[in-house]
1. In region 56-105, what residues are in a helix (DSSP H, G or I), at pLDDT below 95 and farther than 11 Å from residue 45 by Cβ?
2. Name every residue in region 162-172 that is modelled with pLDDT under 95 and in contact with a helix residue (DSSP H, G or I) (Cβ under 9 Å, 6 or more places away or on another chain), in order of residue number.
């Protein structure tokens, strides 16, 4: 079965890749400011299955968001980019060892690889650890359209929603903590 043949929430990888809401509703990717009624296409990278599922459910509850893919590792996300064409990605900063052949420790590397394929895609990094030094791993030319949030500070969806709007519009957001 090819990836193009998959629809709905069918699994495409035993490590947690999931295609969601695959109907073509148009992308906001070409816009710096979203036109009215344009829904953001979001991919999620989180190696913890329960937290990934909670992120997907929460994000899909937002009126301007369509989660078009959820993944347990970076390579699966990157392989599926042509199908998902995201406006933004929510990436776990620290991936478990073995979860990614790109860099098992860094959602930053996955974000940079994603932006090599789709420049201008917004990136939201989520982390359990307050270490703003991680931002130094993002090249200066890439700073626009990135957000860094602590999972403990993101206590409701409004913070994540603000971050998604910021990065899709090309702005930067850093957790105040």
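The values are calculated or read from the model by the stated rules, or taken from the named source; none is laboratory data. Since the model is a prediction, treat every value here as computed from it, not as a measurement. No Cβ is skipped: glycine too gets one built from the backbone with ideal geometry, and neighbour counts run over all protein chains shown.
1. The first filter runs over region 56-105 and keeps only residues in a helix (DSSP H, G or I), leaving 56-60, 74-79, 81-84.
So of that shortlist, the ones also at pLDDT below 95 come out as 74-79, 81-84.
Across region 56-105, the qualifying residues are 79, 81, 82, 83, 84.
2. 171, 172
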